[in-house]
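A.B. asks: One structure coming up, written as structure tokens, with questions to follow.
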Amino acid sequence: MKLFIQTLGCAMNERDSAHMIAELRDKKHYTLTNDIKQADLILINTCSVREKPEKKLFSEIGAFAKEKKAGAKIGVCGCTASHLGEEIIKKAPSVDFVLGARNVSKITQVLERPKAVEVDIDYDDSTYVFASSQGMGIKAHLNISIGCDKKCSYCIVPFTRGKEISVPTDLLISEAKKCVASGVKELLLLGQNVNNYGVRFSHSHPKTNFTQLLRALSEIDGLYRIRFTSPHPLHMDDEFLEEFASNPVIAKGIHIPLQSGSSQILKMMRRGYDKQWYLNRIAKLKSLVPNVGIGTDIIVGFPTESEQDFEDTMEVLSLVEFDTLYSFVYSPRPHTSAFEYDKSMLVSPEVAKERLARLQNLHKEILSKKAQLEIGRIHNVLIENHYNGEGQCWSEGRSSSNKLIKILDKKCEIGSIVKVEITHNEGGGLMGRFINELSLSEALASKEYFQNPIYIQEGALC
Ligand code: 5AD
Ligand code: SF4
């Protein structure tokens, strides 16, 4: 039996897809295919955070239905499945089942029930042990909580993924150990509000917060790095920041969604913090980890956003100098409180687009300035990929601060940790020279961020 799966949206959806693939492999003997015509089962794992991809869903279902072989099933999963439920089958009768984002552990059950719609928003699979993903490679995702208790006024996710429940700590530690035993070097902890971990468990559970969980996971032998996404700025207390800074297993790259730099807009977004709070947390973080990599999400054109509000966002961008930026034009979503605003409060699409372009241009300038500063710096790179052929040879991987670095003329083993000096930039990417390979303990003990003013050109190292 062959499975074709298309995954849209965030890392959480990727993790859900990985779980479904593993369940279908172990319990129903499916193997993956990239050829839709060969597939016995077609899964579309959807995102509903903005309107556009949701709108495209029905034309996609139509195209898949035309291409599929006779008897092949189509299942719609994920956030749009939670959001639209049986409406999907009514509108697209070629769909065989609908499986909500909170119900992925039921994938093998819905398969057997014609026209099943399984979108129970109160369903709790926080203690479900999924079949393990084979061949995880060197990086694995670990879901530490389901759902989200926040009520950001623009966000549909609490509606599609339900209330927040944390996965028990012992289950996480045993899953993490399994990953490491199979060769995983880097774990990405996932949660809609990841640093609110421990707020609620399904059953009685010793009190554990996010910082304690990080500490416990970082003690697993053989684990090199832990990353996590997305933390909420509101829950970034000093204890967490100090652990982040001092624990060598915690990678020094962090995503901290800003959403807006205007305190007035943040209030309307119900984010629970203002511009000053955000800048204060960043200042504390930078004082503890001077070359920390910081990423963010920003929404422009939120209802009532004035030119001054937008300038506040530009100011925060200039002050923080984010290393990565995901930026979006506000998209009104049903089941959110901002959806109820009067139409007169909306920002015109032209103004929003123009602001998005200004924001992205400023970010490009920041990035090119920061890329120049990288030259001469030393990073420990966990190798994720390499290429060798047609007279060319290179390897690539990420620094602790999450920068993608390409090492020319050196074929490094995937999963190895190498010390690299940044030599130049090419098309916005960082290029480096191999210095030497490090053992896990050497890598954890070594400092990454020192300037090396002398760059020695080396020949081909392959
Ligand atoms: N419109 C535009 N962007 C949104 N996001 C969430 N909801 C909306 C919306 N209604 C963005 C936020 C979030 C990221 C995953 O998507 O920036 O952090
Ligand atoms: Fe992920 Fe949110 Fe999209 Fe759901 S709606 S897939 S949680 S980004």
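A.B. asks: A 28 angstrom limit on the alpha carbon distance is what I want to check against. Which of LYS52/LYS151; LYS73/LYS185; LYS163/LYS403; LYS369/LYS419; LYS28/LYS411 exceed it?
C.D. replies: Pairs exceeding 28 Å: LYS73/LYS185; LYS163/LYS403; LYS28/LYS411.
A.B. asks: For all pairs of alpha-carbon atoms in region 200-258, what percent lies in each bin of width 5 Å, listed from the first bin to the last filled one?
C.D. replies: Per 5 Å bin, starting at 0, the Cα pair percentages come out as 4, 16, 27, 25, 16, 10, 3.
A.B. asks: Can you give the translational diffusion coefficient of region 1-61 in µm²/s, computed by Stokes-Einstein from the Kirkwood radius over Cα pairs at 20 °C and 1.002 mPa s? Mind dumping the intermediate values first?
C.D. replies: On the way: Rh = 12.3 Å.
Answer, rounded: 174 µm²/s.
A.B. asks: Work out which helices of the chain, taken as complete DSSP H runs, extend at least 15 Å along their axis over the Cα atoms and score a mean Kyte-Doolittle of 0.0 or more, then list them.
C.D. replies: What comes out of the filter, once short or polar helices are dropped, is 169-181.
A.B. asks: Let me ask something else. Using only alpha carbon positions, build the gyration tensor of region 170-288, then give the equivalent ellipsoid semi-axes as the square roots of 5 times its eigenvalues, largest first, whole angstrom. Can you show the working numbers first?
C.D. replies: Values: eigenvalues 156, 56, 30 Å².
Over the Cα atoms of region 170-288, the semi-axes work out to 28, 17, 12 Å.
A.B. asks: When the accessible area of region 180-228 is computed with all protein chains present and a 1.4 Å probe, what percentage of it is carbon and sulfur?
C.D. replies: 48
A.B. asks: Let me ask you something else. Which FRET efficiency, nearest 0.05, do GLU350 and ILE414 yield, Cβ-Cβ r, R0 56 Å?
C.D. replies: 0.75
A.B. asks: If you take the alpha carbon radius of gyration of region 299-449 and divide it by 2.2 N^0.38 Å, what ratio comes out, to two decimals?
C.D. replies: The value comes to 1.41.
A.B. asks: In region 1-137, what is the volume of the convex hull around the alpha carbon atoms, normalised per residue and reported in Å³?
C.D. replies: Numbers: hull volume 14.7 nm³, N = 137.
Enclosed volume per residue, from the Cα hull, is 107 Å³.
A.B. asks: So, one more: How compact and how long is region 265-363, expressed as Rg and Dmax of its alpha-carbon atoms in Å?
C.D. replies: So, for region 265-363, Rg and Dmax equal 14.4, 45 Å respectively.
A.B. asks: Something else: Taking K and R as +1 and D and E as -1, what net charge do the other residues with C-beta under 14 Å from the C-beta of ILE294 add up to? Don't skip to the answer; put the middle values down first.
C.D. replies: Numbers: positive: ARG227, LYS252, ARG281, LYS284, LYS286, LYS370, LYS403; negative: ASP297, GLU321, ASP323.
That works out to +4.
A.B. asks: Would you list, by chain and number, the aspartates and glutamates whose Cα falls below 13 Å from the Cα of LYS69, excluding same-chain residues fewer than 8 positions away?
C.D. replies: ASP35, ASP40
A.B. asks: Going through region 401-445, which GluC sites (Glu not before Pro) have at most 16 other Cβ atoms within 10 Å and a DSSP loop state?
C.D. replies: GLU413
A.B. asks: Can you quote the Å³ per residue value for the convex hull of the Cα atoms in region 127-202, rounded to an integer?
C.D. replies: 101
A.B. asks: Here's something else I'd like to know. Where does the chain land on Rg/Rh, using Cα atoms and the Kirkwood Rh?
C.D. replies: 0.97
A.B. asks: Which value, in Å², gives the accessible area per residue of the chain when a 1.4 Å probe is used on the protein heavy atoms?
C.D. replies: Per-residue value: 44 Å².
A.B. asks: Share of region 336-433's accessible area from carbon and sulfur, percent, 1.4 Å?
C.D. replies: Carbon with sulfur: 50 percent of the solvent-accessible area.
The values are calculated or read from the model by the stated rules, or taken from the named source; none is laboratory data. For clarity, every value in this text was computed on a predicted model and none was experimentally measured. Don't worry about glycine lacking a Cβ; one is built from the backbone with ideal geometry, like all the others, and counts go over all protein chains shown. All accessible areas refer to the heavy atoms of the entire protein, side chains included, with ligands and DNA or RNA removed. Shrake-Rupley method; radii C 1.70, N 1.55, O 1.52, S 1.80 Å.
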